[in-house]
Amino acid sequence: MIQPEKLIIADDHPLFRQALLTTLQPKFLGCQWLEAETISELENQLGNHADADLLILDLNIPGGHGFNNLVNIRKQHPQIPVVIISAHEDNDTMGKAIELGAVGFIPKSTPVDTIYTAIIEVLAGKQWLPSNFRSAPANEEYHDIAERVASLTQQQHKILMMFAEGMLNKQIAYDLNVSEATIKAHATAIFKKLNVRNRTQAVIAISNLDLGDQDFNK
């Protein structure tokens, strides 16, 4: 049986993370479990543990803006396979996750024994999806914006997510400990890569990668 050495769980609900750990820890003895409940914590875990065997990622982490976070992770850490675990269980969401590089999609309603089986399969290099999943034709426009987001540097992506949160250049500069001029320079580069003219258009463009139902209480 496959025994991973290091797994990362990124989910902003402590009770769900604890339930998952309670179920999986006895089955993966000797495995180091790393947790993250914010985008910042997840970035730190990925940066410090580039040798992780798998990232179990909830799409609804606040600040991640749905699939934008997945696109960035696949660009910055291509060596770490990602399996999505989400309360969004519709066919469209599952299909988009796989198209954007996830190796599996586990609905949160999945029985715990099946979750274990799914993780074993993706660790073995296989793809795992619920039996009720039905593939749909690829959306070229959707793929275009995903590729543009993937072309951003990690810092540019972080700034773009801050734009989406409605933060001003001055606030972003303070949080990132850089000058406002640096933020403006990054903004210019972001707009060029996304093929937009301003931050409003940039936020609208990446909204295509948001989840259809933005309910963070799920």
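The values are calculated or read from the model by the stated rules, or taken from the named source; none is laboratory data. Worth saying up front: this structure is predicted, and the values here are computed from it rather than measured. When we count neighbours, we look across all protein chains shown, and the Cβ atoms used for this are built from the backbone with ideal geometry, even at glycine. Heads up: the accessible areas ignore ligands, DNA and RNA and are worked out on the full protein's heavy atoms, side chains in. Shrake-Rupley method; radii C 1.70, N 1.55, O 1.52, S 1.80 Å.
Tabulated values for the structure
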| read-out | value |
| --- | --- |
| Residue in the stretch 93-116 that is farther than 22 Å from I61 by Cβ and in contact with a helix residue (DSSP H, G or I) (Cβ under 8 Å, 6 or more places away or on another chain) present | yes |
| Within the stretch 63-134, helices (runs of 4 or more DSSP H) holding 3 or more residues that are free of Cβ contacts under 8 Å to residues at least 24 places away in the same chain and touching a Pro at 6+ places or on another chain (Cβ under 7 Å) | none |
| Of all residues in the stretch 186-218 being among the small types (G, A, S) and open to solvent by less than 60 Å² (accessible area, probe 1.4 Å), the one that is modelled with the lowest pLDDT | S207 |
| Tally of residues being open to solvent by 40 Å² or more (accessible area, probe 1.4 Å) and within 17 Å of L55 (Cα to Cα) across the stretch 104-115 | 1 |
| So N44, is it in contact with a strand residue (DSSP E or B) (Cβ under 9 Å, 6 or more places away or on another chain), surrounded by fewer than 22 Cβ atoms within 10 Å (Cβ to Cβ) and within 21 Å of Q154 (Cβ to Cβ) | yes |
| Residue tally, condition open to solvent by less than 10 Å² (accessible area, probe 1.4 Å) and part of a loop (DSSP other than H, G, I, E, B), over the stretch 5-33 | 2 |
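Table: residues versus (1) out of contact with any Leu (no Cβ under 7 Å at 6 or more places or on another chain); (2) surrounded by fewer than 19 Cβ atoms within 10 Å (Cβ to Cβ); (3) small (G, A, S); (4) assigned by the TED database to the domain that holds L21.
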{"site": "A150", "(1), (2), (3), (4)": "yes, yes, yes, no"}
{"site": "L160", "(1), (2), (3), (4)": "no, no, no, no"}
{"site": "G166", "(1), (2), (3), (4)": "yes, yes, yes, no"}
{"site": "K170", "(1), (2), (3), (4)": "yes, yes, no, no"}
